[in-house]
1. Taking amide hydrogens as modeled 1.01 Å from N in the peptide plane, which residues meet the under 5 Å criterion relative to Gly193, leaving out close sequence neighbours?
2. Per DSSP H run of at least 4 residues, take -39500 (n - 2.57); add these up for the chain, divide by its residues and hand me the 222 nm value, nearest 500 deg cm²/dmol.
3. Mind checking which of Ala64, Ala118, Ala77 has the largest fluctuation in a GNM of the chain, springs on alpha carbons under 10 Å?
4. Taking the chain, how many lysine pairs are there with alpha carbons less than 22 Å apart, if each pair must be eight or more places apart or span two chains?
5. Would you mind counting up the charge near Ala146? Only other residues with Cβ under 15 Å from its Cβ, with Lys and Arg at +1 and Asp and Glu at -1.
6. What's the exposure ranking of Phe26, Phe160, going from fewest to most Cβ atoms within 10 Å?
7. Considering the Cα positions of region 1-101, please state its Rg to one decimal place and its Dmax as a whole number of Å.
8. Would you please give the residues with an amide H less than 5 Å from that of Gln152, counting only those at least 5 places away or on a separate chain, with H modeled from the backbone geometry?
Amino acid sequence: MLSDAGSQQFAADIAERLRQGEVPAFAQPAAATDWRLVISAQDRGPDIVPSYTVLNPQGQSQGAVQGKPIAIAAWAAAEPGTLKQAAFDAAPGISSLLTRIETGLMQADPNSLYNRQAKVAVPDVTGAPGDGNATLTKQMRSKLAALGSQVQPGQAGADFIVQGQVKMVPIAGDQQRVEIQWIITSAKGREGGRVVQLNDVRAGTLDHYWGDVAMVVAQEASGGVNEVIRRQTGHEPVEPAAGQIQPGSQQPAATSKQ
């Protein structure tokens with residue numbers, strides 16, 4: 001019941017919402033190697049129920065999800081607000097379906113990350129005063145290796161890159177806020193998640209030596225980093241776990257004080 005213009009707009013809205021959720025979706029004709037999302041709608045009395053089916057490059061259905069019912073009159077009018085809301089409602093279900101499909105494919109592939117250790121590179125941490133960069137880098141490499149990742153010094157051939165960034169911010173009361181981010185990206189540069197730590201310390205405490213502080217920081221952060229990696233390899237649910245945040249979020253994942 002959508003016009004051609006309405007159909008094109010709805011496809012664009014769906015693609016935009018999926019991209020906001022880190023799914024590389026585009027409203028355009030599919031190439032021979034592309035996966036496709038086929039959108040249809042069923043007339044169910046006073047409502048229209050959208051349906052979203054994922055096809056592999058061979059045109060075989062890999063699964064489908066249904067959207068929320070929409071009043072027929074509102075759907076047929078194809079008002080921008082109605083279509084955007086329908087896309088907003090549908091995107092989480094479509095993303096979860098894609099994740100389940102990807103996990104199934106990885107489980108069936110003996111060479112996939114689901115069936116082997118992830119190769120993880122931890123470049124030198126940046127931004128820390130004193131010996132913080134070197135000490136934090138060493139500790140994170142050690143903790144991730146203990147959790148099962150195959151940690152390597154260089155990025156060549158790595159499946160994931162874990163980059164640590166430190167920022168020291170002066171605050172009241174002769175204190176400093178230590179802001180540490182661990183950013184996890186894939187080999188293709190796609191961000192998979194972040195672990196964020198905030199610690200308040202007496203000003204100057206970490207100007208020279210980090211010592212046990214670096215060990216505690218890495219111990220706390222490595223669990224969250226490992227969960228991001230496991231989620232990306234299909235071993236964990238897609239929902240964010242404790243100690244991590246989704247790409248784009250500004251909320252701290254963990255807060256502690258010393």
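The numbers here are math on the coordinates, done by the rules we state, and not lab data. On a predicted model such as this, the values are computed, not experimentally measured, just so you know. Please note: Cβ atoms are built from the backbone with ideal geometry, for glycine as well, and neighbour counts cover all protein chains shown.
1. When sequence neighbours closer than 5 places are left aside, the close amide H contacts are Ile184.
2. -11500 deg cm²/dmol
3. Looking only at Ala64, Ala118, Ala77, the largest GNM fluctuation is found for Ala77.
4. Lysine pair count for the chain: 8.
5. That sum, taken over residues with Cβ under 15 Å, equals +2.
6. Fewest to most other Cβ atoms nearby, the residues stand as Phe26, Phe160.
7. Considering region 1-101 through its Cα atoms, Rg and Dmax are 13.1, 39 Å.
8. The answer is Val120, Ala121, Val122.
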